[in-house]
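Here is the structure we will look at, set down as structure tokens.
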Amino acid sequence: MKWGQWFETADRQVRDTFRDDVRVSTVFLGLDHNFDDDGPPVLFETMVFINGSGDEIERYRTWDEAVRGHENMVAEIFRLALPVCSH
């Protein structure tokens with residue numbers, strides 16, 4: 001119950017970057033998404049949204065991996081180096 005209450009109100013955002021109708025969002029998932037039962041838990045996810053629809057997903061095991069993964073995804077998606085807004 002405690003975990004559920006925390007999950008409802010927790011700030012799980014690692015990074016959030018957007019420009020126009022494209023958003024790259026990285027969050028703490030709160031549950032292990034390692035469905036292979038091999039290795040450490042997979043707890044973070046970066047998703048690319050285009051016009052509100054989820055388009056591409058990458059998952060990570062640690063906060064540091066999630067931050068690096070987010071930065072890599074942003075660099076890939078916004079290659080033209082136009083101004084973006086990041087939170």
Q: Check whether at least one residue in segment 28-40 is within 30 Å of residue 1 (Cβ to Cβ), touching a strand residue (DSSP E or B) at 6+ places or on another chain (Cβ under 9 Å) and modelled with pLDDT of 90 or more, and report yes or no.
A: yes
Q | strands (runs of 3 or more DSSP E) wholly inside the chain containing at least 2 residues that are on the phi < 0 side of the Ramachandran plot and exposed (fewer than 12 other Cβ atoms within 10 Å of the Cβ) | A | 53-60
**Q.** Criterion violated by residue 60 - all others in (1) in contact with a helix residue (DSSP H, G or I) (Cβ under 8 Å, 6 or more places away or on another chain); (2) closer than 18 Å to residue 79 by Cβ satisfied
**A.** (2)
Q: Answer yes or no as to whether residue 23 is under 16 Å from residue 73 (Cβ atoms), charged (D, E, K, R) and modelled with pLDDT of 95 or more.
A: no
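The values are calculated or read from the model by the stated rules, or taken from the named source; none is laboratory data. The model shown is predicted, which means the values in this text are computed figures rather than measured ones. Heads up, the Cβs are rebuilt from the backbone with ideal geometry, glycines too, and the neighbour counts pull from every protein chain shown.
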